[in-house]
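The structure appears below as structure tokens.
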Amino acid sequence: MMDSLDTFRLYVNDGLSDEEIAAQAARYQPLAQDLRDLIVLSIQSRGGDDDILAARKHLSDAKSILERDRETGPYGTRFNDSGTFRTWGNAAIGLRNPIAPPLDLQFEDDGRVWADFHLHAGYEGPAGFAHGGVSALVLDQLLGDTARHAGAPGMTGTLTVKYRQPTPLGDLRCEALLDRIEGAKAFAMGTISGPDGVCVEAEGVFIAPKWMREQREHTGVQGVQ
Ligand SMILES: CCCCC/C=C\C/C=C\C/C=C\C/C=C\CCCC(=O)SCCNC(=O)CCNC(=O)[C@H](O)C(C)(C)COP(=O)(O)OP(=O)(O)OC[C@H]1O[C@@H](n2cnc3c(N)ncnc32)[C@H](O)[C@@H]1OP(=O)(O)O
């Protein structure tokens, strides 16, 4: 089981300059987008045996190239001295993660957090509609980041999701607000909307774990990503 020490090992100042980070983003983000396109093509291609075998050969070559120099394990949270944080492996917002839609969260001064995002055919649950677990993924991240934006980062304790109408695949918007903070707990609420209005509502309780509260007492540092 991961303990707080393991968590700290995945929370690293890797000393990169902002320029190096920008160069890495420019290098790896298009790869993630290519892989997203491939996810959709895996579902939609009508290729016959020859085309699929040929495509798989190219993908196998690509895997060999990408494996030449690689890390192992999860990406974690990385940051630098100027406070640029990267959670590039994150399943909802990760810049290097093709599973992420991704959410490009916008943080408003009034505390509101929102994103326009797109769910492609690879997020299907009921025929033609988004999988409910994917909606929960989006809302978990959105509400968690809303709590963090309000200065109360924490792990999801409870996420309550109400599915009001089926969520169509395609272009969607999510938005959230902090409701209140009570001690170690931050309460946030938000929605996902499609062309016909709100499809999913959620409320979440985000809790600064005991070890984080103790660390705050010792260091006075409030925020983690
Ligand atoms: C420097 C290193 C940084 C590492 C980063 C660490 C944390 C991440 C922080 C911020 C991330 C920010 C943004 C990211 C945004 C979203 C990402 C998605 C979020 C997730 O995807 S995250 C994965 C799913 N999540 C889990 O994997 C949690 C597993 N679980 C636990 O880690 C513990 O279980 C925990 C922490 C929940 C509680 O542990 P604990 O020991 O601190 O709790 P404790 O007993 O002291 O209770 C304190 C008060 O919370 C109440 N309370 C307790 N449990 C509750 C529950 N479940 N629901 C509602 N209220 C609850 C008590 O009733 C009491 O309330 P009261 O104070 O009023 O008495």
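Side notes on the structure shown:
- Which numbered condition Asp50 fails, given (1) assigned to a helix (DSSP H, G or I); (2) within 20 Å of Pro102 (Cβ to Cβ): (2)
- Subset of region 180-197 that is away from the ligand (no atom under 13 Å from the Cβ) and outside any strand (DSSP E or B) - its residue that is farthest from the chain's Cα centre (by Cα): Asp196
- Meets criteria (of a type in the set (A, V, I, L, M, F, W, C), surrounded by fewer than 19 Cβ atoms within 10 Å (Cβ to Cβ), assigned to a strand (DSSP E or B) and touching a helix residue (DSSP H, G or I) at 6+ places or on another chain (Cβ under 9 Å)) for Leu177: yes
- Residue match in region 167-181 (condition: touching a strand residue (DSSP E or B) at 6+ places or on another chain (Cβ under 7 Å), among the β-branched types (Val, Ile, Thr) and not assigned by TED's automatic domain parsing to the domain that holds Trp88): yes
- Of the residues making up region 140-157, those that are among the aliphatic types (A, V, I, L, M) and more than 10 Å from the ligand (Cβ to nearest atom) number 1.
- Residue in region 158-175 that is within 30 Å of Val12 (Cβ to Cβ) and near the ligand (Cβ under 10 Å from one of its atoms) present: yes
- Of all the criteria given as (1) crowded, with 17+ Cβ neighbours inside 10 Å; (2) within 16 Å of the ligand (Cβ to nearest atom); (3) in a loop (DSSP other than H, G, I, E, B), the one not satisfied by Arg96 is (2).
- Test: residue in region 95-105 that is under 15 Å from Asp37 (Cα atoms) and of a type in the set (S, T, N, Q): yes
- Residue check for Leu119: more than 10 Å from the ligand (Cβ to nearest atom), touching a residue at least 12 places away in the same chain (Cβ under 8 Å) and within 14 Å of the chain's Cα centre (by Cα): yes
- Selection from region 99-120 of residues that are in a loop (DSSP other than H, G, I, E, B) and among the charged types (D, E, K, R): Asp104, Glu108, Asp109, Asp110, Arg112
The values are calculated or read from the model by the stated rules, or taken from the named source; none is laboratory data. Owing to the predicted nature of the structure, the values given are computational and were not obtained by experimental measurement. Because the Cβ atoms are built from the backbone with ideal geometry, glycine has one as well, and the counts that use them run over all protein chains shown.
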